[in-house]
Amino acid sequence: MPTIYNGKTTGIALKYVIEGKEHYETNINRLNVYKNQFIILRESIDYQVYSKNISTKGFCLDINPELLDIEISDFLKNDLLFNQPFSGILSTSLGKSLYDFTNTSTKTKFAQKPLEIITKLKDDLLCFQNDLTIIGNGLQNITKRSYTQKLLVSKLFEAREYIHLYYAHKISLSILASISGISKYHFARVFKICFKMTPLQMQEQLRMEKARELLHSGKISLTSIAYQLGYADLASFSKRFKKYYKIPPSQYEVI
């Protein structure tokens, strides 16, 4: 028998699935939200959430719109923001905060300083909304249909999350296009419009940021860093690092 819960949002609702899969149904649509995905619902929305034959765990936080300190009508106009699942615990600040909120240490901190945690989530929500506004403006050049835009955004966020998870491995355009459910050519074009860089550029950015972090730690050799980040050898890593930071990793390590 499915577990069913009927509710109504009392603010801008952030809903995050920790384990399993949840099915959400509102007066607008039906959504499947998987582990490590989140959705955002408008205020005063009746919804039903249920899970069937699977252990599911999640949480919901309703934020009073007055706390957002913005023109709420403009916020609510951003249709890309609402009623669709987002993947982003690695690739968005909001996703990271929602993921961290489920940790025991964060729950303890929340009990001690709830306003600090809620303020962080509020700020991340506003940042996320701003990002989606920029993405939505870019998608206007591809399609005017709201439904198509929402579908593209949800799938592109899923592909971007995949890059953040597997950036140290070889990632083909075919795999990313398959995740998004669109052709390779169309995927590459839309991805760049939305995120202002190609998938390959994003992967290299993540590798270089991780390389810098490892170099600062001083606990791992250059050769080990090269292999850990997916490069064939130290020479290949050094070449890419120097092109990216204008300095070889051996000198960066000293600095």
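The values are calculated or read from the model by the stated rules, or taken from the named source; none is laboratory data. Only a predicted model underlies this, so the values are computations on that prediction, with no experimental measurement involved. Cβ sites come from the backbone with ideal geometry, for glycine too, and all protein chains shown count toward neighbours.
Below are the figures for this structure:
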quantity	calculated
Where TYR5 falls short, out of the listed (1) modelled with pLDDT under 85; (2) over 23 Å from the mean Cα position of the chain (by Cα); (3) not in a strand (DSSP E or B)	(3)
Meets criteria (part of a helix (DSSP H, G or I) and under 29 Å from LEU67 (Cβ atoms)) for PHE157	yes
Subset of segment 64-97 (residues that are at pLDDT 85 or above and not in a loop (DSSP other than H, G, I, E, B))	ASP79, LEU80, LEU81, PHE86, SER87, SER93, LEU94, GLY95, LYS96, SER97
Any hit, segment 15-33, residues being assigned to a loop (DSSP other than H, G, I, E, B), under 24 Å from GLN149 (Cβ atoms) and polar (S, T, N, Q)	yes
Filtered residue count, segment 190-200, keeping only those that are surrounded by fewer than 15 Cβ atoms within 10 Å (Cβ to Cβ) and out of contact with any Phe, Trp or Tyr (no Cβ under 9 Å at 6 or more places or on another chain)	2
Condition met for THR106 (more than 22 Å from THR3 (Cβ to Cβ), modelled with pLDDT of 90 or more and among the β-branched types (Val, Ile, Thr))	no
Selection from segment 34-61 of residues that are assigned to a strand (DSSP E or B), among the charged types (D, E, K, R) and either within 23 Å of PHE157 (Cα to Cα) or not assigned by TED's automatic domain parsing to the domain that holds ASP79 (or both)	LYS57
Number of the condition not met by LYS96 [criteria: (1) over 21 Å from LYS150 (Cα atoms); (2) over 21 Å from the mean Cα position of the chain (by Cα)]	(2)
Residue match in segment 39-46 (condition: out of contact with any Asp or Glu (no Cβ under 8 Å at 6 or more places or on another chain), modelled with pLDDT of 80 or more and under 30 Å from TYR167 (Cβ atoms))	yes
Only one of LEU115, LEU121 that is in contact (Cβ under 8 Å) with a residue 12 or more places away in the chain and not assigned by TED's automatic domain parsing to the domain that holds ASP233	LEU121
Members of segment 132-178 found to be under 27 Å from GLY230 (Cβ atoms), hydroxyl-bearing (Ser, Thr, Tyr) and surrounded by fewer than 16 Cβ atoms within 10 Å (Cβ to Cβ), listed by number	TYR166, SER172, SER174, SER178
